[in-house]
Amino acid sequence: MARSKEALVLLLDVGPSMHSILPEVEKLCTMLVQKKLMFNKNHEVGVVLFGTEETKNELEKEVGGYENVFVLRDIKVVDADVVDILHNIPRGKFPGDFVDAIVVGIDMLIKKFGETNKGKQCLCLVTNAQCPTKDPYEGTKEDQVDKISSNMKAHGIKFDCVVIRENPVESAGKSVIDENDHLLNQFSKNTISKIVHVDSPLALLGALRTRSISPVTVFRGDLELGSTMKIKVWVYKKTSEEKFPALKKYSDKAPSSDKYATHEVKVDFEYRSKEDPDKVVPPEQRIKGYRYGPQVIPISSAEWDSVKLKPDKGVKLLGFTDSSNIKRHYYMKDVYTFIPEPGNRKAIVAVSAIARAMKELNKVAILRCVWKQGQGSVVIGILSPNVSCMDNIPDSFYFNILPFAEDVREFQFPSFSRFPATWLPNAHQQEASDNFVRMLDLAPSDREEMLKPEFTPNPVLERFYRYLDLKSKQPDASVPPWTAP
Amino acid sequence: MNLDPQGLFRDHSDSDDEFELEKEKDPSKEMVVYLIDASPKMFDLVGNDEDKSQTYFHAAISSISQSLKTQIIGKSSDEVAICFFNTKEKKNLQDLNGVFVFNVNDREFLDQPTAKLIKEFSCIEGTFMSNIGSQYGIIPGSRENSLYSALWVAQALLRKGSPKYVSKRILVFTNEDNPFGNITGAAKTDMIRTTVQRAYDAQEMGISIEILPLSIPNEPFNVSHFYADLIGLEGDEVAQFLPSAVERLEDMTDQLTKRIFKKRIVRTISFSIAEGINIEVNTYALIRPALPGSVTWLDSVTNLSLKAERSFICADTGALVHEPPKRFHPYKNENVKFSVDELSEIKRISNGHLCLLGFKPLDLLKDYHNLKPSTFIFPTDEAIIGSTKIFIALHRSMLQLKRFALAFYGGSANPRLVALVAQDGVTSSSGQVEPPGMHMIYLPFSDDIRHVEELQTTADAGVPHATDDQIKKASVLMKRMELKDFSVCQFANPGDSSVVINK
């Protein structure tokens, strides 16, 4: 079974105005490709630079034009070379024209795949879109973008774009920026595209999803609103902690000449009786016991089975309530997304109606869920609306699990107003505190929100992957020192 | 008590965790003596006859049974003793009148609670009058002082373990706020003095005495009559202590149960607000998934516990490997090796403290910014004076300006961005519903967020969204299905297999 390969063409702006941010672009791209090398070995990657001094691309040879666009690497299966190339991207001397770069990228993909592999191809553009694009030979720039994006749609090519602008631009450049932003937004009319704006190096590092995980549904079935009302939904995980990779233990017992040695270590468990530590108890003689205080009560597996709750699979609505009834800090675990069954018009509209009504009235829904038949655990949680602001993305819900009565410890704490006066701030101190809070504003109105979780990568993971790459070339390298961004 | 039985906060990079069947890291253990007043006054009915009325005594027994059950499920190694005072019969090592220490076979007076103890204690009311009996222990004309004796017995029970590692408490359940009210003259002053002295002596030895008052609407329990002195409440603290009057038995039981749980601090951490300004806060785990007790292996022949031992064996040669020093990860067709030290170094990017980064409006904290249960933060002036003042100032500012704080919380294993959300105290008839303080919410990184909605985007014009009319119909439906008085955690976990254990 051949899984169609995903192909990505990176289009990187290396013009002079980008030079200051290129080190971060290098970090971002190497991480992206490194993860493909580790987790998606059969993906293909190509790299195109624009704004370069030299010109090297097929379109220039075939039809002329498309200057300063340089194909650094053709579309090939990902390998160690492309990681190395991206460590050191050559700087360009000319302002970059992203439209040219996009056309070259499309051309590369079409030449490679033709009519095959639709939906698995992606152009990823990283630029500040600060420089003017050239006028086309005929028609307006908008017309040109329309033609290009229709072509992309015909071949199932997706478009990801990261626009990085660190400093607010002086008014002279504003009209160019506005025009470029407008053109980029045009792409979403015809293609599946995502355009992200960032204004800091840290946010750039988190702006691209560096690891593609095929999402798996946790549940597919009916959201039962009552005995007669059912809506077909699919449930996925929205957040899931990406853990530090589990590293296997290494055994150096096998000689290095042995090519088939795995160098792995197995863990063996032996059970001994506490009374007679010399005697090993074989598996047939073991049963499970349940700890209840200081005693242990033996329970055979037949008894376990009969006792284990075997609820029916299903998602049932228990009712609606004001969103203010449920405080944010009661959310217990990872978050799930409920989407209407894809392609099912009735479901999409039903979900949309309820989500929008919930938002208008400030209400949330309480659900009781069993994801799999005979699973043995029930969750109760809150469904909150996610009204989409894009025309081509349906409305959906977020689901957060709530605690059961026994999960909550109701400790009592003294009320602040009952504290002695020396522990309370006076009016002057309170004012100073208010000003302090106002001052350290991470989301001022004239900028993008800083340290948005969606754009902040896990620093420990980043550090590990870079070190992994470093160690593969220099086995004795020590851990590089940490500098906070 | 294991506050994190699921290991949600443990570092999972080490796959040795599956082996932790018997691991019980209990740095602090608790010993509690429940001192229950059994005088005839305790057998008055609570509330008016319209309720399915029960006695004060019943409220005390219910709430203690409840907390014992929770304790035993929580795999705790804490020890308890149950002691009645103002009883007819006596049973205690000091042979004092009016004090009866309740116990069952196979355990000492002060010991972990067992299934049998809980079972017999829960139904003690049926046989209480005949077996133990109720009688006033402090009466004019007699030198008997049941409260004094009870404190003595309780203190003696707690005479094991060092106060350094063990927390010792005496919890007094009573509805009599003036135990010496009937005594007059010199005898009264004398008895009060000796009783209070007895309590002080116990407190000097590291035992904390707490009063769990049972009061009724028209006659609230007044600690300033006697008990304030006994437990050492002064001035403002007395006012703080006001138990809210209860109308219903359930509220009384709820209040009691809440007071029984001693707040267990998870960690004391330093909170860095700005260059050179650090305050100290305590963290508490108010919400954690409660797992039923752990499973352990037994020998099916003897029903005795087994101890598991593990050994490491080389997969290639079968040779025994001693605690393997290195780990590896495949990359580019070869195995890249790391030492355990190098791995710890990679994870060590902060010093384990909370570091403030700034503030954001509350509406930027989205519903999907969640991964784990939250942790509650409350200030403490124990190490750094002034911590509480700064904390409260920030707390008030955040509530006023409707902002949350963004901070970096670096444990040695798993540093994360966190949101600190201020919460004002909320009280109701059943006591404090929300404590005042801040909740630390663990935020996902970009690596942890999945963009599933985008899977469904199509290149076509758009997906249908509901019309205003459809939204109105949905609103009508929602109003019909409104849940009145919904509160979080009103449901018990139906999958709780501890229900089974009634053998």
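Just so it is clear, none of the values below were taken in a lab; they were calculated from the coordinates. Since the structure is predicted, the reported quantities are computational estimates derived from the model, not experimental observations. Neighbour counts are summed over all protein chains in view; Cβ atoms, including those assigned to glycine, are modelled from backbone coordinates with ideal geometry.
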Beta bridge orientation in chain A: antiparallel %, DSSP, nearest 5: 60
DSSP-defined beta bridges in segment A:2-207 - what % are antiparallel, rounded to 5: 20
message: Nearest 500 deg cm²/dmol is fine: what mean residue ellipticity at 222 nm does chain A get from its DSSP H runs of n ≥ 4 alone, each adding -39,500 (n - 2.57), divided by its residue count?
response: -9000 deg cm²/dmol
query: Within straight cross-link reach of A:Lys279, meaning Cα distance under 16 Å, which lysines are found once same-chain residues fewer than 8 apart are removed?
result: B:Lys307
- line: Partner shielding of B:115-122, as the mean number of partner chain Cβ atoms within 10 Å, equals 1
task: Bin all alpha-carbon pair distances of chain A at 10 Å intervals from 0 and give each bin's fraction as a whole percent.
output: 3, 13, 20, 21, 20, 14, 6, 2, 0, 0
- prompt: How big is the equivalent ellipsoid of segment B:54-96 along its three axes, where each semi-axis is √(5λ) from the Cα gyration tensor, reported in whole Å from largest to smallest?
  reply: 24, 18, 5
- prompt: Which pairs break 30 Å Cα to Cα here: A:Lys76/A:Lys372; A:Lys93/A:Lys153; A:Lys5/A:Lys134; A:Lys310/A:Lys346; A:Lys232/B:Lys473?
  reply: A:Lys76/A:Lys372; A:Lys93/A:Lys153; A:Lys5/A:Lys134; A:Lys310/A:Lys346
query: Can you give the Kirkwood hydrodynamic radius for segment A:2-207, in Å, rounded to one decimal and based on Cα pairs?
result: 17.1
- prompt: Other chains near B:381-391: what is the mean number of their Cβ atoms within 10 Å of each residue's Cβ?
  reply: 3
query: Which residue, chosen from A:Cys369, A:Met450, A:Asn325, occupies the Cα position most advanced towards the positive end of the dipole of chain A, where the dipole is computed from +1 (Lys, Arg) and -1 (Asp, Glu) charges on Cβ about the Cα centre?
result: A:Cys369
query: In peptide A:264-277, what is the residue-averaged number of other protein chain Cβ atoms found within 10 Å of each Cβ?
result: 6
field: Counting all C-alpha pairs of segment A:44-159, share separated by more than 23 Å (%)
entry: 29
Assigned charges on the beta-carbon of Lys, Arg, Asp, Glu; segment A:2-207 dipole about Cα centre (debye): 960
Measure of compaction for segment A:109-249 (Cα Rg per 2.2 N^0.38 Å): 1.43
